[in-house]
Each structure stands twice: as C-alpha cells, then as structure tokens.
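> Structure provided below as structure tokens; questions to follow.
The values are calculated or read from the model by the stated rules, or taken from the named source; none is laboratory data. Quick caveat, the model's predicted, so the values are computed rather than measured. Neighbour counts are summed over all protein chains in view; Cβ atoms, including those assigned to glycine, are modelled from backbone coordinates with ideal geometry. Only protein heavy atoms, including side chains, enter the accessible area calculation; ligands, DNA and RNA are left aside. Shrake-Rupley method; radii C 1.70, N 1.55, O 1.52, S 1.80 Å.
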Amino acid sequence: MTARALVFVAALLAPLATARAQRFTPTLHAEGGAQFTLVDAYSDRFDLGAGGALRAGLEVLGPLAIQVGVGTAWFPVAGQEPGTLYSLELGLRGFLRVHPVLGGPFVDVNAGAGITGELFRPVFDFGVGWDFFPARWLGLGPVVRYQQIVQPDDQGTPDDARILLFGVNV
C-alpha cells in the first residue's frame, strides 16, 4: 500500500509542481503519538493505541499548503488481532512563523478514505500544533489531532469512531 500511496501523491502533486515550480515550496511533515478513542462503544474495546502520518505538500499561497498524506493507527485488543486504520487523505495546512527559532502555530485539515480491517470508510481529521526550529530547515514540536472515521448508521456499531492523538510533529 505504501508504494501505491507514493505514486498517488506524485500524480496529484506533479501538475501543480510543473505549472509554476518557481512559486511553490515543497513541504514534508511526519507525526506520531499516542491515541485513544473518544466513543464508549470503541473505548470499551480498544486500549490506548499509537498512530502516525506522513504528509507531502506544496505551499501555494504564502503559508498555506495543499497536502497529500498517508496515515496509520494501531489499537491493541484483548484476545484478538489489533484494530488498525490505514488512510490516504488530501488537505490544507496553514503555518504562521512568528520567530526564526521559536517558530509558530500550524493548523491543518484533511479528508480522505480509510481502510479499517476489511472495511473502507470516509475519514477526516483536524490538527493543531507548534513548530520550533532548532535548524532553519527542521521544524519540531507538539501536535494534537482529532480524527473521525465515518460509520454507516445501518452497521452493528453505528457510532463514528472518534480518535484523539497527542504527539510530535517533525
């Protein structure tokens, strides 16, 4: 799935890069952290988990970037295989650098498709954080992300999965 995701990212970003390459700045962000579910139907079943994402983008208008990302989540379950999520998303990221070293805040929103077990589901997320810059090219800081996996109402558990991540963004 990783190779397919990278080909998909390249196909989506290639037209933007070739149209006006001199005006766009590429971005790459990775994050990871601890996750837990916010809905009783899922928190009773899944233990504390872990998640991560990799997002590539292009700054197209000042500090605003269009991004494509792949993500994963893993939740242990007593007595069975862990719960997993793999996602492919398209989104926007805004960043406001207020200081060369102390960095500044960022916010991003993403939406796409997720695979959880054998099921395909719509997913979306919203993240906020702060990037510090120990080197001019390296941002590092905390991130908090809310993610929702949309569940059809006619399923055995009709509640959408709502996940909160506390982690580090690079």
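> Which whole-number percent is the relative contact order of the stretch 56-114 (Cα, under 8 Å, 6+ apart)? Provide the component values of the computation, followed by the final result.
Values: 107 pairs, mean separation 16.8, N = 59.
For the stretch 56-114, the relative contact order is 29 percent.
> Which one, L165, V77, P142, is farthest towards the positive end of the dipole of the chain when Lys and Arg carry +1 and Asp and Glu -1 on their Cβ?
Final value for the positive-end residue is P142.
> ³J(HN,Hα) across the stretch 78-87 via Karplus (A = 6.51, B = -1.76, C = 1.60, θ = phi - 60°), whole Hz, x for Gly/Pro?
4, x, 7, 4, x, x, 10, 9, 10, 10
> Let me ask something additional. Using per-residue counts of other Cβ atoms within 10 Å, averaged over each peptide, order 158-164, 65-71 from highest down.
Numbers: 158-164: 16.9, 65-71: 22.7.
Packing proxy ranking, top to bottom: 65-71, 158-164.
> Want the number for L48 to F166: 0.36 nm per residue separation, take away the alpha-carbon distance, what's left? List each step's numbers first, then the result.
On the way: separation 118, 0.36 × 118 = 42.48 nm, distance 1.15 nm.
Gain in length upon complete extension: 41.3 nm.
> Using the heavy atoms of the protein chains and a 1.4 angstrom probe, tell me the accessible area per residue for the chain in square angstrom.
So the chain comes to 57 Å² accessible per residue, rounded to a whole number.
> Contact order normalised by length for the stretch 89-170, with contacts defined as Cα pairs under 8 Å and 6 or more residues apart; what percent is it?
On the way: 187 pairs, mean separation 18.7, N = 82.
Relative CO of the stretch 89-170 lands at 23 percent.
> Let me ask another. Tally up the carbon and sulfur contribution to the accessible surface of the stretch 82-163 as a whole percent, 1.4 Å probe, everything protein left in place.
On the way: 3060 of 4430 Å².
Whole-percent figure for carbon plus sulfur exposure: 69.
> Could you size up the charge dipole of the stretch 43-170 around its Cα centre, putting +1 on the beta carbon of Lys and Arg and -1 on that of Asp and Glu, and report it in debye to the nearest 20? Walk me through the intermediate numbers first.
Details: 8 positive and 13 negative charges, 133 e Å.
Its charge dipole is roughly 640 debye.
> HN-Hα J couplings of the stretch 47-53 from phi, Karplus 6.51/-1.76/1.60, θ = phi - 60°, integer Hz, Gly and Pro as x?
Working through the residues one at a time gives 7, 4, x, 9, x, x, 8 Hz.
> Could you rank the peptides 127-139, 79-91 by their average count of other C-beta atoms within 10 Å per residue, with the highest value first?
Working: 127-139: 14.5, 79-91: 16.1.
Descending packing order for the listed peptides: 79-91, 127-139.
> Grab the DSSP H runs of the chain that are 4 residues or longer, score each as -39,500 (n - 2.57), total them, divide by all residues and round the 222 nm result to the nearest 500 deg cm²/dmol. The partial results should precede the final answer.
Details: 2 runs with 22 residues, N = 170.
Helix contribution divided over all residues of the chain: -4000 deg cm²/dmol.
> Okay, moving on. With springs only between Cα atoms under 10 Å, which of V150, V123, V101 fluctuates most in a Gaussian network model of the chain?
Evaluated over the chain, the most mobile residue of the options is V101.
> Can you figure out the FRET efficiency of L61 with L38, using R₀ = 30 Å and their beta-carbon distance, to the nearest 0.05? Don't skip to the end; give the middle numbers.
Working: r = 33 Å, r/R0 = 1.10.
The formula returns an efficiency of 0.35 here.
> How far, in nm, would the chain grow between D159 and V98 when pulled straight, counting 0.36 nm per residue and subtracting the alpha carbon separation? Please report the intermediate quantities before stating the final value.
Numbers: separation 61, 0.36 × 61 = 21.96 nm, distance 4.00 nm.
Answer, rounded to one decimal: 18.0 nm.
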